[in-house]
Amino acid sequence: MFTDSPYSHLAIVLDDMHIAEMDWRFPLQRHHNNYPPWQCDVYRYRGELTAAQVATMTEFIQAHIGTVDKMFAAAGIRLRSGDIGKVSPADLARSSLLQRVA
């Protein structure tokens, strides 16, 4: 419904057990692939990637994981203690600096 297609979002397969994915509900995140094979379609880039392209894409994914706390940290606001970019959504929900509005 939200994407006007049969797909809800996309994910990037990082290795045999991990994916990076995002959709309208959450920013780019890296986690275990828990999708059953029958629940997803998998597409592969037809070309060959150079080592430099793989490195650039990997750096991009790492730079954009955990974007909510990174965004606030860039403005000098620490929403939770801990490593920037490694704060979970549950950690953010417990932040005394955030107020639930809906």
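Out of region 27-49, which residues are within 20 Å of the chain's Cα centre (by Cα), of a type in the set (Phe, Trp, Tyr) and more than 19 Å from ILE61 (Cα to Cα)?
TYR35
Determine the pairs where a residue that is within 12 Å of VAL13 (Cα to Cα), located within region 31-57, has a partner that is acidic (Asp, Glu) and not in a helix (DSSP H, G or I) with Cβ atoms under 8 Å apart, the partner being 6 or more residues away or on another chain.
Qualifying pairs under 8 Å: HIS31/GLU21.
Regarding region 18-29, can at least one residue be identified that is assigned to a loop (DSSP other than H, G, I, E, B) and at pLDDT 75 or above?
Step one: of region 18-29, the residues assigned to a loop (DSSP other than H, G, I, E, B) are 24-25.
Then keep just the ones that are at pLDDT 75 or above; that gives none.
For region 18-29, residues assigned to a loop (DSSP other than H, G, I, E, B) and at pLDDT 75 or above: absent.
What are the residues in region 73-89 that are more than 24 Å from VAL13 (Cα to Cα), at pLDDT below 75 and assigned to a helix (DSSP H, G or I), if any?
Applying the first criterion (more than 24 Å from VAL13 (Cα to Cα)) to region 73-89 yields 73-83.
Retained after the next criterion (residues that are at pLDDT below 75): 74-75, 82-83.
Passing the criteria: only ALA74.
Give the residue that is modelled with the highest pLDDT, with candidates limited to residues of region 30-53 that are of a type in the set (Lys, Arg) and part of a loop (DSSP other than H, G, I, E, B). Lay out the reasoning, then the answer.
Initial filter on region 30-53 (of a type in the set (Lys, Arg)): 30, 44, 46.
If we keep only those that are part of a loop (DSSP other than H, G, I, E, B) as well, we get 44, 46.
Numbers: ARG44: 76, ARG46: 82.
Among those that are of a type in the set (Lys, Arg) and part of a loop (DSSP other than H, G, I, E, B), it is ARG46.
The values are calculated or read from the model by the stated rules, or taken from the named source; none is laboratory data. Quantities reported herein were computed from a predicted structural model and do not represent experimental measurements. Quick reminder, even Gly has a Cβ in these numbers, built from the backbone with ideal geometry, and neighbours come from all protein chains shown.
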